[in-house]
Structures are given as C-alpha cells and as structure tokens.
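Everything below concerns the one structure shown next.
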Amino acid sequence: MTVKQLSLPELVDACRDLGVPAVGLWREPVQAYGVEAAAKLVRDAGLTVTTLCRGGFLTAIDPAERAAALADNRRAVDEAAALGTDTLVLVSGGLPAGSKDLRGARERIADALAELGPYAEEHGVRLAIEPLHPMYASDRCVVSTLAQALDLAERFPARQVGVTVDTYHVWWDDTAPAQIARAGAQERIHTFQLADWTTPLPEGVLNGRGQIGDGSVDMREWQGYVEAAGYTGAIEVELFNDVLWAGDGRELLAETARRFVEHTA
C-alpha cells in the first residue's frame, strides 16, 4: 500500500531491483491481478509475502451481514494461504449504524474469532488483530489499544490469534510498551509495522500517515520494544498518503527503503 501507484508487477520488479526481500500485500490488488497469478509473480521473483491485509469488519449486528463478513474472512484466509503468508491482518470494524455500544461490538468480534480462528489454523494462517488509533473507533475499528486487542486475542490460542503492532496507531499510548511485552511473552506479536505521525492530518484523516522520519515517532524506540519482547519477524512499512501516492512509485519505494535503514537499528 505504501506504493499504491505501482502495479503488482511493477512493485515486484522495484523490490527485486532494490534488494527488498519481502512484501506485505493487500487483498484488492491481489484479487484484481488474480490470487494464484500474484502468488506465482512474487514467488518467481524470489520474494516472500509477509502478511495479507485485510480481513476483519466483524462488528455487524444484522445476521446476513455477519454471515457475509465471516464468509469474506474465510476467503481472506484462503488467499493468505495461497500467497504463502502465515498472517492475515484484521481491522476489526467500527460501530454499526445507529449503535453506541462499544463493548457489544467487541464481543461480536470475539464471537467471529471463535469461528475464524480454527479455520485459519487449519490453513496455516494466524489472525493478527490490529488496534487502530482511537480517531477510527466509530467507523473502522472499535479496538483502539494493544490492551484491548490482547484481551480479545487471549481468548484463543496464540497460533490462531495475535496482534499487529503499528507505530502509527500506538505511539501515543504510554501503556503500549508494557502491552508489547505482554504480547511477546505469549508469542502473539504477529507483525510489526512502521509509519510516522505528522500533522496537520488531512481531511478525512485516513491517508495521513507520514514517511518514516518526518513526524513524531521514534522508530528505533518502538523497534526496541518489539525486539525486547522476542519478535524476530519482518518489519513492514505501511504508508497511506495521497501526496506520496501522487509521485513516482519507484522513487518512493527507494526513498522508503533509505529511510528504513536510516531510522531503524
């Protein structure tokens, strides 16, 4: 998503040229290209897929909507398995229209995980609950902190459900380092993502993630937290930014790789 303006073949070529060994993929471009074709494209280039994003949106009350969401998440698990990644990132979903019941929404997520966790495990895939910044709680994700994510994940085996640690969403939370340690002790850190916090936020706030090094987040500090917790997996960079997307994708990828080296250990 960082280089959304590149097609999948362009992304793969650019990663190979820059020596980037792995990619985190999003479902929409993968589906448009074809899941099996995308898997072959990445595999033939010698790259691996770190995660697939996203599943989730599990808070609906209407039975038909809940059934549709569960079916879509099973498809997402199938897609992750076909791509060769063991991690499906979940954005849990916001409040249903007219509802103000955060606790009820979170319980419906737990109910969905009870069905999806075993299915994912059967396919060699783990579910990674991603807490989003509280500004998204109403419309995108009622899970706003790592503590809330872990409270859900801990109802299930770690081989089924864990968490995503994304600096953009948790950097403000002074309890997050302790929650990272909590997650690490249970082997529930399934992926770690970097993006910076820059202000002012754009209208709509979704596409305002800053390039590494441009904002308020100390990337090395957060990398230190996850590594101290025992995380040894890939580190992803996930930027949503209309200004960055308007430029040259290969140049953006090269700059992102340079910033990654500069701002991580």
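The values are calculated or read from the model by the stated rules, or taken from the named source; none is laboratory data. Everything quoted here is computed from the prediction, not taken from an experiment. All Cβ positions, even for glycine, are placed from backbone atoms using ideal geometry, and neighbour counts span all protein chains on display. Areas reflect the complete protein model, heavy atoms only, side chains present, ligands, DNA and RNA absent. Shrake-Rupley method; radii C 1.70, N 1.55, O 1.52, S 1.80 Å.
Assorted remarks:
- Shape class of region 28-136 from the Cα gyration tensor (axes a ≥ b ≥ c, square roots of the eigenvalues): prolate, since a/c reaches 1.5 or more and a/b is larger than b/c.
- Here region 158-265 carries DSSP beta bridges of which approximately 30% are antiparallel, counting only pairs with both residues inside.
- Percent carbon-and-sulfur accessible area, the chain, ignoring ligands, DNA and RNA, probe 1.4 Å: 52
- Å² per residue, accessible surface of the chain at 1.4 Å: 43
- Under the simplified labelling scheme, the residue 199-residue 246 pair shows an inter-label distance of 2.3 nm, with each label point 7 Å from Cα along Cα→Cβ.
- In plain terms, the chain from residue 119 to residue 100 could stretch by 3.8 nm, reckoned as 0.36 nm per residue minus the Cα-Cα distance.
- Within region 116-156, backbone nitrogen closer than 18 Å to the virtual label 7 Å beyond the Cα of residue 26 toward Cβ: 130-133, 136, 139-141
- Inter-label distance, nm, simple model (7 Å from Cα along the C-beta direction), residue 36/residue 262: 4.4
- Anisotropy class of region 153-249 from Cα gyration tensor, a/c 1.5 cut: prolate
- Label-point separation in nm, residue 16 to residue 61, each point 7 Å along Cα→Cβ: 5.2
- In this structure the amide hydrogen of residue 2, modeled in the peptide plane, comes within under 5 Å of the amide hydrogens of 239, none closer than 5 places in sequence on its chain.
- Förster radius 22 Å - calculated FRET efficiency between residue 44 and residue 206 (Cβ-Cβ, nearest 0.05): 0.10
- Nonlocal amide H pairs with residue 26, under 5 Å, H built at 1.01 Å: 53
- Under the Karplus curve 6.51 cos²θ - 1.76 cosθ + 1.60, θ = phi - 60°, whole-Hz ³J(HN,Hα) for region 80-85, x wherever Gly or Pro sits: 4, 4, 5, 7, x, 9
- Remark: the Cα gyration tensor places region 88-247 in the oblate category, a/c being 1.5 or greater and a/b not exceeding b/c.
- Shown is the FRET efficiency for residue 71 and residue 174, computed with R0 = 51 Å from the Cβ-Cβ distance and rounded to the nearest 0.05: 0.85.
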